[in-house]
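Below is one structure; the comments refer to it alone.
The values are calculated or read from the model by the stated rules, or taken from the named source; none is laboratory data. Predicted model only: the values in this text are computed from it and were never measured. Glycine gets a Cβ as well: all are built from the backbone with ideal geometry, and neighbour counts include every protein chain shown. The area values use the complete protein model at the heavy-atom level, side chains included, leaving out ligands, DNA and RNA. Shrake-Rupley method; radii C 1.70, N 1.55, O 1.52, S 1.80 Å.
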Amino acid sequence: MTAITLDRIGKIYGGAPVLRDASLSIAGGQFVALVGGSGAGKTTLLKTINALIAPTTGRVLIDGQDVAGQPGPALRRRIGYVFQEVGLFPHMTVAQNIGITPSLLDWPAERIAARVETLLDLVDLPRDIAPRLPAALSGGQRQRVGVARALAAEPSILLMDEPFGALDPVTRVALADDVRRLHETLGLTTVMVTHDVGEALLLADRIVVMASGAIIADDTPAALLTRTHADPRVADLIDAPRRQAEKLARLAHG
Ligand SMILES: Nc1ncnc2c1ncn2[C@@H]1O[C@H](COP(=O)(O)OP(=O)(O)O)[C@@H](O)[C@H]1O
Ligand SMILES: [Mg+2]
């Protein structure tokens, strides 16, 4: 399983720092949730992992190797990415969308076709949607295609940017459970950005909280819920889901 190290990552846009010395060591097989308010730097940090964004200072290491020197196609094969707005190509079929990375890697057509069927099974979509265009799918189905596309070239790392943001709560929970199951069965190292702290607490092994480009907390869900936080920004973030859980528990137990 693949380890990720972020070593004092800084990023400056037009003179303004948006990442400040962010360091994170993620063991192979971990499921990490990156949480924090809008503009905290979550997307920017996530994109440094697959070199979509080059940090101004610091290094990203994957299994000890600096990503800066690595060719794009090799990185894209090893690292699956699910975009914030799904980002399926609207004029391409489901099969073509899922097969895009294998095509770029020049896999033979039969191998791509077989892989598309395997992936549709894996993300629990019917095989007969392969020839459809994204517009002919539900939001949940589109997001499943996005996950299948990210997993197409058998990556060992899965990065997801608010993957369930636009979905209704029932679809959201079902897809989140499936992603966690895929994480286990495929032996992935997963980093998921979400602004839903409750979802992060239920899904991840580890929660990393960001504010103003810095990491202000980094702990297990249990520790984050039970500990008293000196930083009021962390306390505020955890407080809402904690109180909701307490209310639900009281309701359920009379
Ligand atoms: N390409 C860019 N140029 C200038 N500023 C940017 C760029 N991308 C992001 N930013 C700024 O960096 C900050 C962090 O953005 P982002 O990483 O998208 O935050 P988050 O995903 O946590 O909402 C924001 O203030 C945003 O406006
Ligand atoms: Mg973002």
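Quick look at the numbers
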quantity	calculated
Filtered residues of the range 1-16 (kept if more than 9 Å from ligand 1 (Cβ to nearest atom), open to solvent by 40 Å² or more (accessible area, probe 1.4 Å) and modelled with pLDDT of 95 or more)	T5, R8, I12
Search result, residues across the range 118-146 that are open to solvent by 30 Å² or more (accessible area, probe 1.4 Å), in contact (Cβ under 8 Å) with a residue 12 or more places away in the chain and not in a loop (DSSP other than H, G, I, E, B)	L122, A135, G139, Q141, R142, R144
Residue that is farthest from the chain's Cα centre (by Cα), among those in the range 231-254 that are surrounded by fewer than 10 Cβ atoms within 10 Å (Cβ to Cβ) and of a type outside the set (D, E, K, R)	G254
Leading residue by the ranking (farthest from ligand 2 (Cβ to nearest atom)) among those in the range 40-58 that are under 16 Å from V208 (Cβ atoms) and of a type outside the set (S, T, N, Q)	G58
Top-ranked residue in the range 80-99 [being over 11 Å from A150 (Cα atoms) and part of a helix (DSSP H, G or I); ranked as farthest from ligand 2 (Cβ to nearest atom)]	A95
Options S23, S38; residue that is within 12 Å of ligand 1 (Cβ to nearest atom) and of a type in the set (G, A, S)	S38
Where a residue in the range 170-183 is more than 12 Å from E199 (Cα to Cα) and its partner, wherever it lies, is open to solvent by less than 90 Å² (accessible area, probe 1.4 Å) and among the charged types (D, E, K, R), with Cβ under 8 Å and at least six apart	D178/R144
Residue within the range 61-79 that is within 16 Å of ligand 2 (Cβ to nearest atom) and modelled with pLDDT under 95 present	no
Number of positions in the range 165-193 that are of a type in the set (G, A, S), part of a loop (DSSP other than H, G, I, E, B) and surrounded by 15 or more Cβ atoms within 10 Å (Cβ to Cβ)	2
Single residue of the range 13-68 satisfying the filter (of a type in the set (K, R) and under 18 Å from the mean Cα position of the chain (by Cα)) that is nearest to F83 (Cα to Cα)	K47
Residue match in the range 77-88 (condition: without any contact (Cβ under 8 Å) to a residue 24 or more places away in the chain and farther than 20 Å from L167 by Cα)	no
Unmet criterion (only one of (1) within 16 Å of ligand 2 (Cβ to nearest atom); (2) of a type outside the set (S, T, Y); (3) crowded, with 21+ Cβ neighbours inside 10 Å) for G37	(3)
